[in-house]
Amino acid sequence: MEFALSTRVRDYQARLEAFMAKHIYPNERRYYQEAEQLGPWQVYPVVEELKPLAKAAGLWNLFLPDTEHGAGLSNLDYAPLCEIMGRSHLAPEVFNCSAPDTGNMEVLARYGTPDQKQRWLMPLLAGEIRSAFGMTEPLVASSDATNIESSIVRDGNEYVVTGRKWYTTGTPDPRCQIIIFMGKTDPSNPDKHRQQSMILVPKDTPGVRVLRSLPVLGYYGVPDRAAEVVFENVRVPVENILLGEGRGFEIAQGRLGPGRIHHCMRLIGLAERVLERMCRRAQLRSPFGRPLSEQGVTLERIAKSRILIDQSRLLTLKAAWMMDTVGNKEARTEIAMIKVAAPEMACQIIDWAMQVFGGAGTCNDYFLGAAYATARLLRLADGPDEVHRNQIARLELRRHRGTDPAHTGGGAAVLTLHEVEEIGAAGPGCRP
């Protein structure tokens, strides 16, 4: 594995860091104020002011690996750039690299028809509109997507879409114009993974109702514009189906692989910034006669934070490298591992930082509140930790079923009677 950065990536790094210092960090307080004052139903002016500057700087759509629509960067190339953007909640959307639009653009680029690309992908690539992804439902355990109850029923030249979704990110945003909806077209199919399909539903279609915005740990609009949405006999043309009936799980796997690792890349940047703030705060505060930075518990937490971040970064880079070299399917174990490790790492480091900041760490003056909400959310989004751990364990069990114990020293631990007698005769401490 070779993780050395190319000259092109180092150039992007320098330009991103310069843009962040000049435009992103100085505008963060304004961003949080606008989010709090305007709520999740409005456009935040600071974002719209900065997007043209990012586009003019050539820092636009860096996430897309194809050169037709994006920068043509590999997953490994994109990782350090996504990390920089992840240092701020404001940055990803400014660079047109924020969820759920990134995943939706990848779906349209990979699976969309020429007409679907022209109507929806091109405006998304230009940052003119936003999108949403409707998968999770309130009435079923959506961590198992086969439980999804929403329906997509063909009626002549139309599909009738019916269902209730929530945590449908992006739908309160007035710029949101298209929703990728997942539901069942063939609920009686014995193969549960062929029951589902995905379809494009314009948000302004009659029958689509955004019921309410859902806060993430009390934060509306930052870090997520989640909402509950009802689809009541929504009629869309048959040509809005993506890839064909029964292909929903196939599309979901193609969408979620890159999306999961992008979240992890951003979390590493977020954790780096939190650690930096924790170190500065520890040097400035002196309870009981000496700085926090000289007290053992703080030193231990700072050291552990450095270890945890670097472990997560290396695992992320390995997963990205494997996605590039052997494909998302072969990299599924590494993707699952980092999807568990990165949010846990970020939650722990932010929690330690809150302790160093004291009461100030519980408000958002130092952005720790919103940072924790982001990290905690990502232990659930794109599959909860438990689902990923189960997948990792099943793949590990499968791997060892194909291993010959004679070649690995992994045979049975029960000794034969003859072996026991030999050990007893040799005396204590002689068992290998």
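The values are calculated or read from the model by the stated rules, or taken from the named source; none is laboratory data. Just so it is clear, the structure is predicted and the values come from calculations on it, not from any experiment. Glycine also receives a Cβ, built like all others from the backbone with ideal geometry; neighbour counts cover every protein chain displayed.
So the values come out like this:
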| read-out | value |
| --- | --- |
| Any hit, region 104-117, residues being modelled with pLDDT of 95 or more, within 22 Å of residue 216 (Cα to Cα) and part of a loop (DSSP other than H, G, I, E, B) | no |
| Count of region 133-166 residues which are within 30 Å of residue 45 (Cβ to Cβ) and touching an Asp or Glu at 6+ places or on another chain (Cβ under 8 Å) | 2 |
| Unique match (being in a loop (DSSP other than H, G, I, E, B), at pLDDT 95 or above and either assigned by TED's automatic domain parsing to the domain that holds residue 369 or not acidic (Asp, Glu) (or both)) among 246, 327 | 246 |
| Tally of residues being closer than 20 Å to residue 270 by Cβ and either touching a residue at least 60 places away in the same chain (Cβ under 8 Å) or of a type in the set (Phe, Trp, Tyr) (or both) across region 58-75 | 2 |
| Looking only at region 187-236, and only at residues there that are among the acidic types (Asp, Glu) and surrounded by fewer than 16 Cβ atoms within 10 Å (Cβ to Cβ), the one that is nearest to residue 139 (Cα to Cα) | 232 |
| Number of the condition not met by residue 386 [criteria: (1) assigned to a helix (DSSP H, G or I); (2) touching a residue at least 60 places away in the same chain (Cβ under 8 Å); (3) surrounded by 14 or more Cβ atoms within 10 Å (Cβ to Cβ)] | (3) |
| Single residue of region 177-221 satisfying the filter (part of a loop (DSSP other than H, G, I, E, B) and of a type in the set (D, E, K, R)) that is farthest from residue 132 (Cα to Cα) | 191 |
| Test result for residue 265, in contact (Cβ under 8 Å) with a residue 24 or more places away in the chain, outside the structural domain of residue 158 (by TED's automatic domain parsing) and touching a helix residue (DSSP H, G or I) at 6+ places or on another chain (Cβ under 9 Å) | yes |
| Number of positions in region 412-426 that are at pLDDT 65 or above and surrounded by fewer than 10 Cβ atoms within 10 Å (Cβ to Cβ) | 5 |
| Region 20-49: number of residues that are in contact with a Pro (Cβ under 9 Å, 6 or more places away or on another chain) and more than 18 Å from residue 364 (Cα to Cα) | 3 |
